[in-house]
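I have placed the structure first, in the form of C-alpha cells, so that the comments after it can refer back to it.
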Amino acid sequence: MEELRQKYLTEVAGAADESALETVRLAAIGKKGEVSLKMRELGRMTPEERQVAGPALNALKDEITSAIAARKQALGDAALEERLRGEWLDVTLPGRSRGAAMGTIHPVSQVWEEVTAIFADMGFAVAEGPQIETDFYNFDALNIPSHHPARGEMDTFYMHRAEGDNRPPHVLRTHTSPVQIRTMQEQGAPIRIIAPGRVYRADYDQTHTPMFHQVEGLALDKSISMANLKWVLEEFFTAYFGTTVKTRFRASHFPFTEPSAEVDIQCSWEDGQVRVGEGDGWLEVLGSGMVHPSVLKAGGIDPDQWQGFAFGMGIDRIAMLKYGIPDLRAFFDSDLRWLRHYGFSPLAVPTLHGGV
Ligand code: PHE
C-alpha cells in the first residue's frame, strides 16, 4: 500500500497538465484503477484483515483524490498566471502615430471643393451627368451638328458599338456642357447650377492630358444678362484667389452661346512666375456666353421666356495657378512625393468661413 501511495503521489505531483492528471486518476482510482482493484480484494479477506485494510485503502483513495484536486488547482493557477503574463498590456504607453501613412487630398479634389463652396454661397446647386455621353447631349443638343468643325476640334474619344449596331456611338464627354441640357430637361427653368466633373479629349502634351476637369456654370431666369455673368465670375475669382481679380472679356465663338466670350484674368509674369490679381498680363481661364436659343429649346425650355449665361472653366488650370504647380501631367502620375508635397490635409475641408 505504501508503494502505491508513493507511486501515485509522485505521478500526481509530476503531471504537467490536466490531461496527464486525468490519466493518473484513471490508473489509480478509476473503475479499473490499481487502488480500486485492491478495494475489490477486500471481499476475499478475513474480517480481521479487512478491518485493517479497509480503512487504510479508503484513506489512500482519499489522499490521492485530494492530491489530484490540489494539483489541478495548482495547474489552473499556473495557466492563468502564464496567460496574464502573456497578455500584459501597458495602457499608459503613448499611441502609435499614423501620420506618416496618412494620405493627402489631391489638389484637384481640394479645388473642386473650394469652387463648390464659393458658388454654393452664391446660391448655385451642384448638378451631375454621366462621363459616357450620347452624341446628342455632347454635341447635337448643344447646337453642334454632325458636320460642324467643333466635332473634329474636340478630339473626341468614341465608344464603338457592336458590329451591326448602327446607332451613333457614345462618346466620352468632351466638356461638362451636356450637363446643361440634362439639368434643363430634369428641372426646367429657373436654374442656377454648377457642374464639376471629368472630361476627355484625345490630346497629350505639356499643357494637355486626355482626362481633365471642368466646372460648368448655368444660370437661367427671366432677365439674366452678361452683366450678371461678369459679376459672378469676378466674385468667384476674388474669393478663390483671395485678392481682387480683374477680368477681361474677349469676343469669341461657341456654337452653344450667343454672344460668346472668352474670359481672361489679370496676372503678372515675372521670371517665369505667374501671379494672379496683379500686373498687366492676361491669362485665359474660361469660355462663356449667353445660352443659345437652340440649346434652350433642346433642353425643353422656351427661349422667348427664359434666358441666361453659361460658362466652362478648367479646374486643373485654376488649381495650377493658385497653388503654383508647374506641370499638368504630374497631376495624374500618382507620384507619392508629388502627392505629399502638393496634397492637402484631409481635415482641412474648404469652407468660406474657414477661408478657401
Ligand atoms: N464647353 C466649352 C469648352 O469646353 C466651354 C464653354 C461652356 C463655353 C459654356 C461657353 C459656355 O471649351
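Details
- Put simply, of G300, G277, G281 the only residue that is within 37 Å of the chain's Cα centre (by Cα), more than 20 Å from D221 (Cα to Cα), assigned by TED's automatic domain parsing to the domain that holds N143 and surrounded by fewer than 20 Cβ atoms within 10 Å (Cβ to Cβ) is G277.
- Test: residue in region 141-156 that is at pLDDT 95 or above and either not assigned by TED's automatic domain parsing to the domain that holds L296 or not hydrophobic (A, V, I, L, M, F, W, C) (or both): yes
- Cβ-Cβ distances below 8 Å connect the following pairs, each with a first residue in region 1-16 that is at negative phi and part of a helix (DSSP H, G or I), a second residue that is basic (K, R) and crowded, with 17+ Cβ neighbours inside 10 Å, and a separation of six or more residues or different chains: V12/R71; A13/R71.
- Looking only at region 201-253, residues that are within 14 Å of the ligand (Cβ to nearest atom), of a type in the set (F, W, Y) and either without any contact (Cβ under 8 Å) to a residue 60 or more places away in the chain or not assigned by TED's automatic domain parsing to the domain that holds V171 (or both) come to 1 in all.
- For region 312-332, a residue qualifies if it is under 16 Å from T174 (Cα atoms) and either more than 16 Å from the ligand (Cβ to nearest atom) or assigned to a strand (DSSP E or B) (or both), and the qualifying residues are G312, M313, G314.
- For region 17-55, filtered to residues that are assigned to a helix (DSSP H, G or I) and within 60 Å of the chain's Cα centre (by Cα), the residue that is nearest to A79 (Cα to Cα) is E18.
- Total residues in region 16-74, condition hydroxyl-bearing (S, T, Y) and out of contact with any helix residue (DSSP H, G or I) (no Cβ under 9 Å at 6 or more places or on another chain): 3
- Count of region 138-188 residues, restricted to those that are charged (D, E, K, R) and within 16 Å of the ligand (Cβ to nearest atom), is 6.
- Search result, residues across region 129-145 that are over 15 Å from A298 (Cβ atoms) and either touching a His at 6+ places or on another chain (Cβ under 6 Å) or among the polar types (S, T, N, Q) (or both): Q131, I132
- Pick from region 1-36, criterion of a type outside the set (A, V, I, L, M) and over 28 Å from V52 (Cα atoms), ranking: surrounded by the fewest Cβ atoms within 10 Å (Cβ to Cβ): S19
- For Q266, the requirement of being over 27 Å from I191 (Cα atoms) and surrounded by fewer than 17 Cβ atoms within 10 Å (Cβ to Cβ) is not met.
- Comparison of E186, E235, E163, E216 shows that the only residue that is of a type in the set (D, E), at pLDDT 95 or above and over 29 Å from the mean Cα position of the chain (by Cα) is E235.
- Residue check for P130: under 23 Å from the mean Cα position of the chain (by Cα), surrounded by 10 or more Cβ atoms within 10 Å (Cβ to Cβ) and not in a helix (DSSP H, G or I): yes
The values are calculated or read from the model by the stated rules, or taken from the named source; none is laboratory data. A quick note: this is a predicted structure, and the numbers were derived from the prediction, not measured. Using ideal geometry, Cβ is built from the backbone for each residue, glycine included, and neighbour counts are taken over all protein chains shown.
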